[in-house]
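The values are calculated or read from the model by the stated rules, or taken from the named source; none is laboratory data. It should be emphasised that the depicted structure is a prediction, and the values quoted were computed from it without experimental measurement. With ideal geometry, Cβ positions are generated from the backbone for all residues, glycine too; neighbour counts draw on all protein chains shown.
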Amino acid sequence: MYLRRDAEEIKEKLSSLTTTLLDEGSSAKELVKAGHDMFDLLAPLTGLEDRSIDPSINVYTILESGMAISPRNAGRCAREARRTAMFLRGIEKAIKDLRVKFPGRKINILYAGCGPFALLALPLMSRLAPGSVSFALLEIHRRSLDSAEKIIKGLGFGGFIREYVQCDAATYSYSGEEPLHMVITETMQESLQKETHTAITLNLAPQLCKGGILIPERITVDVCLADRTKERPIYKQGSEILKNDTSDMGRLRLGRLIDFTAKSAVSLSANIMTDESGRNHFPPVEVNIPANADTALDKLMLITNVGVYRGFALEDYDSTITNPVYLDNLGRPQNGSIISFKYMLGRKPGFERKIGRF
């Protein structure tokens, strides 16, 4: 625990940074500073500073549903300020909407993959009324869960927490007596590859009560042809975040590979297929290269968009989880050809692709 004067000072700084992140009028420069300041505020409380040599913070875990990143890397996500801001804004709006849907009820939230800072919950605790919201924090890494608990209790926010659970969120079963109003999980990389987000969503989304909200509420992955020389990847870790204009890049959209929501998660789960090697996957999706496609568009590229909630979103280049993915292994398919994609589940989730049909 912290000395009372230290805790109050930390809470004051946390509240100020949260205000900046939630303010839609904050400039890109202000957001970047707030993200770095948030990391600098929370990391020393848990031994996650960049200079730390504690080996436990570098441990990552390969689960049956994908990779769980290390406590250190999870903590560093705080520096991606636009990412944090969009999620916090969306979650705050969702909580307000749930209060209207469920008047007089404590809003019951499950936060899967909370990391060492519980970054998508802790800042909001400085603005929420005691007794209005109850969080259950799920985390596979004991080191991260203990860090989150230390910060929350040390700052006097323990009353917002229903329980801390070390588990694989992809297999967790909610057994609480109260309805589950919201599920939050941000356990993804671009194009839903490598990490456990898809499996966690497939497991937790069906456990929401009627009228409950999944955060993020929608993730889409599209495939397009692009001219790499026209792409302007302006997002870099720690750089000033600017809005990227893709209108003049000349991309040719070929099709949508996945549209992931609480509703579609139920449908996809019911239609999982198994290939000859025993691996599970979603039904294949085929796209066509038009016969007259511009040959200057020489790269196949996956575009990820994350709709957090009601207009709060991350588009391509907004963050590392929405950076485009180039499919260099396929080269430039010939005009008129078919390209097939299937999203694989399991230890290495992500899209397999081939020219022609599976």
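Does residue 269 count as of a type in the set (Gly, Ala, Ser) and either in the same structural domain as residue 97 (by TED's automatic domain parsing) or touching a residue at least 60 places away in the same chain (Cβ under 8 Å) (or both)?
Answer is yes for this residue.
For the stretch 104-148, enumerate the residues that are over 16 Å from the mean Cα position of the chain (by Cα) and among the aromatic types (Phe, Trp, Tyr).
Listed by number, the list holds a single entry, 135.
Within the stretch 290-333, how many residues are charged (D, E, K, R), surrounded by 19 or more Cβ atoms within 10 Å (Cβ to Cβ) and in a loop (DSSP other than H, G, I, E, B)?
Adding up the residues that qualify gives 2.
Residue 319: among the small types (Gly, Ala, Ser), touching a Lys or Arg at 6+ places or on another chain (Cβ under 9 Å), touching a residue at least 24 places away in the same chain (Cβ under 8 Å) and on the phi < 0 side of the Ramachandran plot, yes or no?
yes
Every residue in the stretch 179-190 that is within 11 Å of the chain's Cα centre (by Cα) and either surrounded by 23 or more Cβ atoms within 10 Å (Cβ to Cβ) or of a type in the set (D, E, K, R) (or both), please. Spell out how you get there, then give the answer.
So in the stretch 179-190, the residues within 11 Å of the chain's Cα centre (by Cα) come out as 184-190.
Result: 184, 185, 186, 187, 188, 190.
Just wondering, is there one or more residues in the stretch 84-97 that are in a loop (DSSP other than H, G, I, E, B) and surrounded by fewer than 17 Cβ atoms within 10 Å (Cβ to Cβ)?
no
Pairs needed: first member in the stretch 335-348, over 12 Å from residue 275 (Cβ atoms); second member anywhere, hydroxyl-bearing (Ser, Thr, Tyr) and at pLDDT below 95; C-beta distance under 9 Å; at least 6 residues apart or different chains.
What qualifies is 335/295.
Is it the case that residue 175 is within 19 Å of residue 43 (Cα to Cα) and modelled with pLDDT under 95?
Details: within 19 Å of residue 43 (Cα to Cα): no; modelled with pLDDT under 95: yes.
No, not satisfied.
Being of a type in the set (Ser, Thr, Tyr) and outside any loop (DSSP other than H, G, I, E, B) is the filter here; which residues of the stretch 171-184 pass it?
none
Looking at the stretch 334-351 only, could you name the residues that are assigned to a loop (DSSP other than H, G, I, E, B) and of a type in the set (D, E, K, R)?
Kept after step one, since they are assigned to a loop (DSSP other than H, G, I, E, B), are these residues of the stretch 334-351: 334-337, 345-349.
Correct list: 347, 348.
Taking the condition of being under 15 Å from residue 160 (Cβ atoms) and either of a type in the set (Gly, Ala, Ser) or out of contact with any helix residue (DSSP H, G or I) (no Cβ under 8 Å at 6 or more places or on another chain) (or both), how many residues in the stretch 110-137 meet it?
9
Collect the residues in the stretch 301-358 that are β-branched (Val, Ile, Thr) and either modelled with pLDDT under 95 or under 17 Å from residue 257 (Cβ atoms) (or both), keeping them in residue-number order.
Selection gives 303, 304, 306, 320, 321, 322, 325, 338, 339, 355.
From 124, 120, which residue is assigned to a loop (DSSP other than H, G, I, E, B), within 24 Å of residue 32 (Cα to Cα) and at pLDDT 95 or above?
It is 120.
For residues that are outside any helix (DSSP H, G or I) and either in contact with a Ser or Thr (Cβ under 8 Å, 6 or more places away or on another chain) or modelled with pLDDT under 95 (or both), scanning just the stretch 158-170, find the one that is farthest from residue 42 (Cα to Cα). Don't jump to the end; show me each part of the working.
So the first thing to find is which residues in the stretch 158-170 are outside any helix (DSSP H, G or I), and the list is 161-170.
Next cut, either in contact with a Ser or Thr (Cβ under 8 Å, 6 or more places away or on another chain) or modelled with pLDDT under 95 (or both) only: 161-162, 168-170.
Working: 161: 18, 162: 22, 168: 25, 169: 24, 170: 27 Å.
Among those residues, the one meeting the criterion is 170.
Note down all Cβ pairs under 7 Å where the first residue falls in the stretch 41-69 and is of a type in the set (Asp, Glu), the second is part of a helix (DSSP H, G or I), and they're at least six residues apart or on different chains.
49/43
Does the stretch 283-299 contain at least one residue that is under 25 Å from residue 91 (Cα atoms), of a type in the set (Val, Ile, Thr), within 27 Å of the chain's Cα centre (by Cα) and modelled with pLDDT of 95 or more?
Looking for residues that are under 25 Å from residue 91 (Cα atoms), of a type in the set (Val, Ile, Thr), within 27 Å of the chain's Cα centre (by Cα) and modelled with pLDDT of 95 or more, one finds none in the stretch 283-299, hence no.
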